[in-house]
Every structure is written in structure tokens, then in C-alpha cells.
């Protein structure tokens, strides 16, 4: 059927049964969006290196970065794909956690976020964005390195959201060191507890409350498979994240709970300015990717939504990469 006839039928008007003349054919073509207006060139319109030299104390704030990261605040448009869902996101104040929180809310989910107390200014912005989408926002600050807090966090989220069926384990600690000899035992312990123990404790607390159809999403990294020399302990934890995703998917599949991972490449988040990277490395951050730039957190929001929605019901035990062409997870 001709495009114009389809358009008329969609509007409830009787279809044209005679052949279209040249003017009507031109009108039908002009009704279609111009490809240039709907396509976005991933090499243009995004921040590229060189970036300003900048440094923040751990854990850093997105609001103080130059340029500020794009979490989809002004671009993500939802369509009700997560209507009625209940999500808890660790590290939900910035980075991919913030992007997921915004997207989930605009897709119809109520969202609880966890973050460190020093990240309160960023968290306040996320709460406002969730509420602006018409959804319930729960802010629960605290340190995930404490097992008791992880259990309390889950209890609070379930009590205040009225349930839990999406768990995003996104919080992470990253500190660059030129040599393993420079990593103090306390630093190593903090990274392992944040990146490995915390998901372990949080998943254990959440699982008894998660029904079939629920999902768990872990944020891993390209560092899991292609580690740099200065992120020894962080890369170790991300390899572990990738494998807990795959192992847990096999364990929980019979219960109807899906487990997947997201593996970002270089993405512009507070980890970069508070994680001890050299100024030379920060200045050129992301420039070596085929796209010539780092990713923005908002560019990964759709991956988290896709993994959380019920239509994606056969995907479990998978790790989805977003690395700007830099590799595969």
C-alpha cells in the first residue's frame, strides 16, 4: 500500500483506491521525516579531547566537572516500557547510575538511589529529575563497604518503594596507580569491598524479595578484558563482575530472574577526575577510540532500560558493551 494511503488509514480516513498523481506522491514523500533530522552522527556534537586539566577529591561530583557529563537530562524520552516497576540503583547519583535512574523514571519506574554522603549535591539533582518524571524517588546515602548497611539499604528500598524487581549494581571505586607497590592495603581493601563485596551483600539481601521476571544488572568495564597497567585492582574487580553476572545468570535462570551486565569503555564520569588519573591522560581521555571521544553516560541509558524491560526476556548471562569501537566485552 502507498505511504499516503497508509497514513490516511492510520488516521481513520478512507483509503485512496485510485492511482496517486504526481502531486500526491510528492506529498507522501514530504510527510516522511528527513533522514538528516533523525540521524545523529556519533562523531559530532559531543565533547572531545583535549579536556581541561581538573582534579577532585574522591568520590567527585558531576556538577563540578568541565564539561558537565550528559546523563540524558535533556534528551532521554520515555515510552512507558518500565511502567509500574521498582528499581534500586547503587551509585545512582552520577555516571551510568544517574543515566539509568533518569531513564527508568521516564519509562515509568519508581527509583531508589544509593550514594556516598559526599555526593549529596548530585543526588539531589537526580531526585528532582525522577520526581519531575512523575515517579517516586528515594534517596538512601551510605557506604556500601559495610555489610549491615547493604542489608539495610535493600530493606529501606523495598519498604519505601513497595517492592523491588530491578537491581542495578553500579557503584564502583577506581584509583589509578603506576605500580602495584603504590597500592596501600587499605586502598586495595576499599576497592574490593566497594566493587565485589557490596554487590555480593546487596544481591543476597535482595534475592528473597525478587519475583520471577525481576532483573539484576551489574556495571562492569572494558577493563575486565583489556586492562590498563595503572588500574590493577579495579580491573581485577571488573573481571570478577563479568563472571558473577554469568555465573549468577545460570544459578537464577530456573527462578525466572535474569542477570546481565553493561561494560562501558571510556565514559565521562566523576571517576575520571577523582580516580587519580594523570593530567596528561585526563586531557586526552577517550581520544583513542574510533569515535575520537569518550562516551557520555546518557548514551548508555538505553542499554540499562533494554536489559530491565520484560520484552528482553530471553537475554540473561550477557554483557553488553558500549566502548566507542574500542573492543568487545
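None of the figures in this text is laboratory data; all of them are computed from the coordinates on show. This structure is a prediction, so every number in the text was calculated from the model and none was measured. Using ideal geometry, Cβ is built from the backbone for each residue, glycine included, and neighbour counts are taken over all protein chains shown.
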Inside segment 186-200, the number of residues satisfying the requirement of being crowded, with 21+ Cβ neighbours inside 10 Å and within 30 Å of residue 312 (Cα to Cα) is 4
Residue 147: passes all of (1) within 18 Å of residue 206 (Cβ to Cβ); (2) without any contact (Cβ under 8 Å) to a residue 24 or more places away in the chain but (2)
When segment 159-185 is checked residue by residue, the ones that are closer than 17 Å to residue 101 by Cβ and surrounded by 18 or more Cβ atoms within 10 Å (Cβ to Cβ) are 161, 164, 165, 166, 167, 168, 169, 170, 171, 172
- Could you tell me whether any residue of segment 187-202 is under 18 Å from the mean Cα position of the chain (by Cα), under 25 Å from residue 263 (Cβ atoms) and either without any contact (Cβ under 8 Å) to a residue 40 or more places away in the chain or in a loop (DSSP other than H, G, I, E, B) (or both)? no
Only one of (1) over 21 Å from residue 147 (Cβ atoms); (2) over 21 Å from the mean Cα position of the chain (by Cα) does not apply to residue 263, and that is (2)
Scanning segment 215-226 residue by residue, those outside any strand (DSSP E or B), without any contact (Cβ under 8 Å) to a residue 60 or more places away in the chain and buried (at least 24 other Cβ atoms within 10 Å of the Cβ) turn out to be 221
